[in-house]
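The values are calculated or read from the model by the stated rules, or taken from the named source; none is laboratory data. The model shown is predicted, which means the values in this text are computed figures rather than measured ones. Heads up, the Cβs are rebuilt from the backbone with ideal geometry, glycines too, and the neighbour counts pull from every protein chain shown.
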Amino acid sequence: MEASNIEVKETVPASRKLQREDAEALLAKASKMTVAKGKKVQTFKGGKNAPAEAVDAMLGATGNMRSPTIVVGKTLLVGFNEEAFSETFG
C-alpha cells in the first residue's frame, strides 16, 4: 500500500472473521466489485440487487471473507491479483 501511496483508514485483524453478512453489507455499498482468486478475476455489479454469486465469490472455503478486502470509494477489491490491483489503484 505504501508503494502506491495509499492511506489505510481501517485494518481488520485476521482474528476477526468476517462472514456472509459482512460481505453482503460491503457489497451493498459498492457500485463495482472485483474478486481475484489466483489468476482468475471476476467483476460484479454491486448495490443492494447484486447477484448471490457475487457474495459467494467473496467467501473462502471456510465461509469467511477472502483477504485482502479493500474498499476504494465505491469500488470493492477482494483477494489479490497484481493486474486487478494495478487497474484499481493505477
Exercise. Residues of the stretch 29-44 being touching a residue at least 12 places away in the same chain (Cβ under 8 Å), under 15 Å from D56 (Cα atoms) and of a type in the set (S, T, Y), which ones?
Worked result: T34
Problem set entry | Restricting the stretch 41-72 to residues that are in a loop (DSSP other than H, G, I, E, B) and of a type in the set (D, E, K, R), the residue that is surrounded by the most Cβ atoms within 10 Å (Cβ to Cβ) | R66
For this session: Hey, can you tell me all the residues within the stretch 57-74 that are among the aliphatic types (A, V, I, L, M) and more than 11 Å from the chain's Cα centre (by Cα)?
Result: A61
Problem set entry | Considering residues of the stretch 75-90 that are over 11 Å from the mean Cα position of the chain (by Cα) and not in a helix (DSSP H, G or I) only, the residue surrounded by the most Cβ atoms within 10 Å (Cβ to Cβ) | N81
For this session: Give K32, K17 a once-over and let me know the one that is of a type outside the set (A, V, I, L, M), surrounded by 10 or more Cβ atoms within 10 Å (Cβ to Cβ) and modelled with pLDDT under 90.
Result: K17
